[in-house]
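Worksheet: the structure to be examined is printed underneath.
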Amino acid sequence: MKVGFIVWRFPILSEAFILNQITGLIDRGHDVYIHPVNGLPKDYTGKVHPLVEEYGLMKRAYFPPNLPNNIVWRFCKGIGLMLKNIHKGSLKTWRFFISGKYDKEVATIKTFYRIAALLEDGSYDIIHCQFGTLAPIALAYREAGIISGRLITTFRGVDISKYVQDNGINVYEQLFNEGDFFLANCQFFGERAINLGCNPHKLVVHGSGLDCSKFTFKPRYFPVDGKVKIATTGRLVEKKGIEYAIRAVARIAEFYPNIEYKIIGDGDLKEQLEELIAELNISHVVKLLGWKQQTEIVEILDNSHIFIAPSVTATDGNQDAPVNTLKEAMAMGLPVISTRHGGIPELVEDGVSGYLVPERDVEAIADKLIYLIEHPELWENMGKAGRRRVEEKYDMNKLNDELVEIYQQMLKSELPQKSVTNLSQELTRI
């Protein structure tokens, strides 16, 4: 099969779940083309996920020409690109600007930059939009004949939470009418899509997969030196809720001075969190480590005892699915503390592989930390339960086989049989 992946930017370190799908399809003999409609990440430094280099994915990515900062020059260059590509069909895009049907992400000068990459050969068996927010672009380009193929859209979090809150409950009306099929990366978001108007027979829950072989399980025991190491991995943004974990650690540090809390990641809240750590006088306990390569993350987790993923619903409505960093920690045998948030309860079984607490509840996080520190005999069994859960529900190889099957059924004009309703009944039984 020839598959076109439509993404916002590429490569992004925090989107390993997309890389796992791309490489899984390549391993299975399929031809994958990557279309980052907004080009390289703004903070791109050349540092990429190991899979990007291993599979030569930059050679499979078709980047639009860079947008000039000067608005006038941006417009002039865009018109030039449109004229240059007339023989390839660029005039088809004029309908985006005169029909009044398309939103600002389609009726934009960026279109002339994007099609410069897409017009090379936009004929696909499958067009896979990796976020719902990308679908209006793909729909418009398909309607104009710039690309062709069966259109599948995955809802992953921000697109089915914040984006809907910002744009209204009818924002996906056209997509639900014209899209061929839909995936949601958790039951929580699948049910939300159905409530917004998605046909339940055209949607399945398809989780973000993890390569379990790269995360070695190790049972956790209380350390001989008594130093309990706690870890969190995630972007330093509001919905990750890291502030509340820091405050919880501060509460117990006075009584358990021999703890260490390492936070892996970077983001807009870095300075704010640094100030909070200084204000709470726990800089000797809490360390912000910044971004790390996967091998470095694995090493840190391998030497940790407890993992915290304190996700919250952001003020703009943004929510999380079962986050991959949490899956990684569970796969490595760490007992976890997380929140009753978004799709996380589908991953973490409260009291079995860890504990779930209410969002933004510092006291509850602190209480569970104390309980785990004082009951290390629970760690091993919780770790085993977590590993088992990840292998059963989120193994990358199983999910990539399932994805290929979904594609193949779509090409036969068949709908995959495992609807979100079926999965709801399964989850109830778990």
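Every read-out reported here was derived from the displayed coordinates using simple, explicitly stated rules and does not represent laboratory data. Note that the coordinates shown come from a computational prediction; the quantities given were computed from them, not determined experimentally. Every residue, glycine among them, receives a Cβ derived from its backbone with ideal geometry; neighbour counts consider all protein chains shown.
All other residues with a Cβ under 14 Å from the Cβ of Gln294 taken together, and with Lys, Arg as +1 and Asp, Glu as -1, what is their net charge?
Computed value for this residue: -4.
If you average 1/r over every pair of different alpha-carbon atoms in the range 227-364 and take one over that average, what Kirkwood value in Å do you get? Mind dumping the intermediate values first?
On the way: mean 1/r = 0.0673 Å⁻¹.
Hydrodynamic radius (Kirkwood, Cα only) of the range 227-364 equals 14.9 Å.
Placing +1 at every Lys and Arg Cβ and -1 at every Asp and Glu Cβ, with all other atoms neutral, what dipole size does the chain have around its Cα centre, in debye to the nearest 20?
Charge dipole of the chain: 1340 debye, to the nearest 20.
Ranking request for peptides 357-370, 181-194: highest mean number of other beta-carbon atoms within 10 Å first, then the rest in descending order. Kindly include the intermediate steps, with their values, before the conclusion.
Details: 357-370: 18.7, 181-194: 23.9.
Output ranking for 357-370, 181-194: 181-194, 357-370.
With no solvent and one equal point scatterer per Cα, compute the Debye intensity ratio I(q)/I(0) for the range 102-213 at 0.09, 0.16, 0.23 Å⁻¹ and report its log10, rounded to two decimals.
Once normalised to I(0) and log-transformed, intensities are -0.24, -0.74, -1.30.
What's the angle, to the nearest 10 degrees (0 to 90), between helix 379-394's Cα axis and the longest principal axis of the chain?
Value to nearest ten degrees: 10.
Neighbour counts of other C-beta atoms within 10 Å: give me Val312, Val52 arranged from fewest to most. Intermediate results must be reported in sequence, preceding the final value.
Values: Val312 22, Val52 19.
Ranking Val312, Val52 by Cβ neighbours within 10 Å, fewest first, gives Val52, Val312.
Give me the net charge for the shell around Phe215: Cβ to Cβ below 12 angstrom, other residues only, Lys and Arg +1, Asp and Glu -1. If you can, show how the numbers build up before the last one.
Details: positive: Lys214, Lys218, Lys327, Arg387; negative: Asp211, Glu299, Asp302, Glu328, Glu391, Asp395.
Net local charge, Phe215 excluded: -2.
Taking only C-alpha pairs under 8 Å that are 6+ residues apart, what is the relative contact order of the range 288-362 in percent?
On the way: 100 pairs, mean separation 21.8, N = 75.
Computed value for the range 288-362: 29 percent relative contact order.
Rank-order 163-170, 338-345 by packing density, defined as the average count of other C-beta atoms within 10 Å over each peptide's residues, highest first.
Numbers: 163-170: 13.9, 338-345: 22.6.
Output ranking for 163-170, 338-345: 338-345, 163-170.
Report the FRET efficiency, 1/(1 + (r/R0)^6), for Ile71 and Glu392, where r is their Cβ-Cβ distance and R0 is 51 Å, rounded to 0.05. Please report the intermediate quantities before stating the final value.
Details: r = 52 Å, r/R0 = 1.02.
Efficiency, rounded to the nearest 0.05: 0.45.
Kirkwood Rh over Cα pairs of the range 147-282 into Stokes-Einstein at 10 °C, 1.306 mPa s: D in µm²/s?
Details: Rh = 18.7 Å.
Stokes-Einstein gives a translational diffusion coefficient of 85 µm²/s.
Net charge within 12 Å of Leu196 by Cβ-Cβ distance, Lys/Arg positive one each and Asp/Glu negative one each, not counting Leu196 itself?
Working: positive: Arg192; negative: Asp159, Glu173, Glu191.
Counting the neighbours of Leu196, the net charge comes to -2.
Quick one: Debye curve from the alpha-carbon atoms of the range 1-88 only, equal weights, vacuum; give me log10 I(q)/I(0) at q = 0.12, 0.22, 0.24, 0.27 Å⁻¹ to two decimals.
-0.45, -1.06, -1.17, -1.38
Which value, in nm² and rounded to one decimal, describes the direction-averaged projected area of the C-alpha convex hull of the range 237-316? Display every interim value, and only then the final one.
Values: hull surface 22.3 nm².
Mean orientational projected area (the range 237-316, Cα hull): 5.6 nm².
Please give the peptides 138-150, 284-296 ranked by average Cβ packing (other Cβ atoms within 10 Å per residue), highest first, as a rough proxy for protection.
Top of the packing list down: 138-150, 284-296.
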